[in-house]
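The values are calculated or read from the model by the stated rules, or taken from the named source; none is laboratory data. Quantities reported herein were computed from a predicted structural model and do not represent experimental measurements. We place every Cβ from the backbone using ideal geometry, glycine too, and count neighbours over all the protein chains shown. The protein model used for the area step is the full one, side chains on, heavy atoms only, and it has no ligands, DNA or RNA in it. Shrake-Rupley method; radii C 1.70, N 1.55, O 1.52, S 1.80 Å.
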Amino acid sequence: MVGMGYDLHRLEIGKKLVLGGVRIECEYGTIAHSDGDVLIHSLVDAILGAAGLGDIGEHFPDTYPEYKDADSSIFLEEAVRLLKKNNFNIVNIDVTILLERPKLSQYKNLIRQNIARHCNISIERINIKAKTGERIGIIGNKEAVAAMCICEIQHDS
Ligand code: MG
């Protein structure tokens, strides 16, 4: 079974930018209730979607004070725990990050290692891609960062 996820956050100068649990060196970052990690948020939705378990907002409402500035890896670990509880395993994860700059090539392996650790799968099962917005629109004008994700899962049996 497969699930897809998408997330977007606005960018602002002076905020921090975290993608896949990795801090990105950048003059701007996300405006968010949690740490604004669009990659993990889209991945959590892809995992939940594949297993038919709803969406990130139902499980982790952004109105809850305990999620203020939360490290999004706690959402990912909980989604993976729910997946296991329902006897599913992750087959592979494919992510596309939409960000004008900086270039993310130097971060991709770190992000893969981080996701692999939280999902308890091998790094080969995770693919990270990055694209710019070609200097137009909300991505290209550095007003937002977004991520799209697909996750395939299989039942244990
Ligand atoms: Mg989000």
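Simple spin-label estimate for Ile74 and Glu27 gives 3.3 nm between the two label positions (7 Å along the Cα-to-Cβ direction from each Cα). Take the stretch 107-157, drop everything but the C-alpha atoms, weight them equally and run the Debye formula without solvent; then report log10 I(q)/I(0) at 0.26 Å⁻¹ to two decimals. Treating every Cα as an identical point scatterer, log10 I(q)/I(0) equals -1.01.
Springs join every pair of Cα atoms under 10 Å in this Gaussian network model of the chain, and among Gly137, Gly54, Gly29 the largest mean-square fluctuation is at Gly137. When its C-alpha radius of gyration is set against 2.2 N^0.38 Å (N residues), the stretch 8-96 gives a value of 1.11.
Between helix 108-119 and the chain there is an angle of about 30 degrees, using the helix long axis and the longest principal axis of the Cα atoms. With a ≥ b ≥ c taken as the square roots of the eigenvalues of the C-alpha gyration tensor of the stretch 1-57, please select rounded if a/c is under 1.5 and otherwise prolate if a/b is larger than b/c or oblate if it is not? Judged from the Cα gyration tensor, the stretch 1-57 comes out prolate (a/c at least 1.5, a/b above b/c).
What does the charge count around Ile24 come to, taking other residues whose C-beta lies under 12 Å from its C-beta (Lys +1, Arg +1, Asp -1, Glu -1)? Here the charged neighbours net out to +2. Report the normalised scattering of the stretch 71-157 as log10 I(q)/I(0) at q = 0.12, 0.23 Å⁻¹, calculated by the Debye formula with identical scatterers on the alpha carbons. Once normalised to I(0) and log-transformed, intensities are -0.43, -1.12. Each stretch of four or more DSSP H residues adds -39500 (n - 2.57); spread over every residue of the chain, this sum gives -8500 deg cm²/dmol at 222 nm. Suppose R0 equals 25 Å; then what is the FRET efficiency for Asn92 and Lys16 from their Cβ-Cβ distance, rounded to the nearest 0.05? Efficiency computed from Cβ-Cβ geometry: 0.30. Relative to the dominant Cα principal axis of the chain, helix 38-51 is inclined by about 20°.
So which GluC sites (Glu not before Pro) in the stretch 15-62 are both in a DSSP loop and have at most 12 other Cβ atoms within 10 Å of their Cβ? It would help to have the intermediate numbers written out before the result.
Details: sites: Glu25, Glu27, Glu58; in loops: Glu25, Glu27.
Of the GluC sites (Glu not before Pro), the ones in loops of the stretch 15-62 whose Cβ has at most 12 other Cβ atoms within 10 Å are Glu25, Glu27.
For the chain, the solvent-accessible area with a 1.4 angstrom probe is 52 square angstrom per residue. Taken over the chain, the ratio of Cα radius of gyration to 2.2 N^0.38 Å equals 0.99.
Restricting attention to the chain, the count of lysine pairs at 8 or more positions apart or across chains with alpha carbons under 29 Å apart stands at 29.
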